[in-house]
Amino acid sequence: MKQTMTKEQKSEQYLRDAVAELPNEMTPERDLWSGIEKAINQQAQTESKNQSAKVFTPSAWAASVVAAVLLTWVTLAPQDKNTEQPFNLVAQMQQDFEQQKRTMLVSFGTPDVKQLSDAMQAELTKLSSAQKIISKALVDDPNNSDLLNLLRWTQKQELDLLKQLYSPQWQTI
């Protein structure tokens with residue numbers, strides 16, 4: 001006996017056959033990755049612009065405040081009444097060093113440099129000449145922080161060597 005199919009069964013069978021004929025995988029007609037990459041890059045650029053704008057505004061305010069403070073400080077800074085020349089940091093450092101050296105010599109007496117070993121005497125001479133050379137270099141470039149630090153270091157080394165003359169604990173170093 002032949003069974004007759006109802007319209008509903010026929011359409012269902014037709015739908016199954018049509019689905020069976022479909023491919024398992026569908027591919028787009030063109031490459032979509034270029035558009036996706038472009039959209040991602042454009043979004044990243046927009047976000048970075050927004051981020052840099054957020055960072056720039058506080059930085060600009062901070063820079064403005066610093067500039068105003070520096071300008072005020074430079075224009076209202078007290079001038080040295082004894083001289084018309086601007087403050088000379090190198091001369092002040094040399095003066096402080098000489099004062100420390102004199103204070104040490106007054107406290108302990110005149111040093112007997114001959115008590116120092118030949119190597120220490122040579123070191124003392126080198127430090128003294130290095131200070132003179134650094135001071136001459138600072139005349140050309142008075143704001144060079146590396147040279148200022150080097151001058152300060154050589155002065156400290158010379159004072160430390162002089163201390164070794166007066167204190168037995170220093171002589172063991």
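Any read-out appearing in this document is the output of simple, stated calculations on the displayed coordinates, not a laboratory observation. Since the model is a prediction, treat every value here as computed from it, not as a measurement. Backbone-built Cβ (ideal geometry, glycine too); neighbour counts: all protein chains shown.
7 Å from Cα along Cα→Cβ at both Ala67 and Ser34: what's the point-to-point distance in nm?
Each label point lies 7 Å from its Cα, and together they span 4.6 nm.
How do Leu70, Leu159 line up, fewest other C-beta atoms within 10 Å first?
Leu70, Leu159
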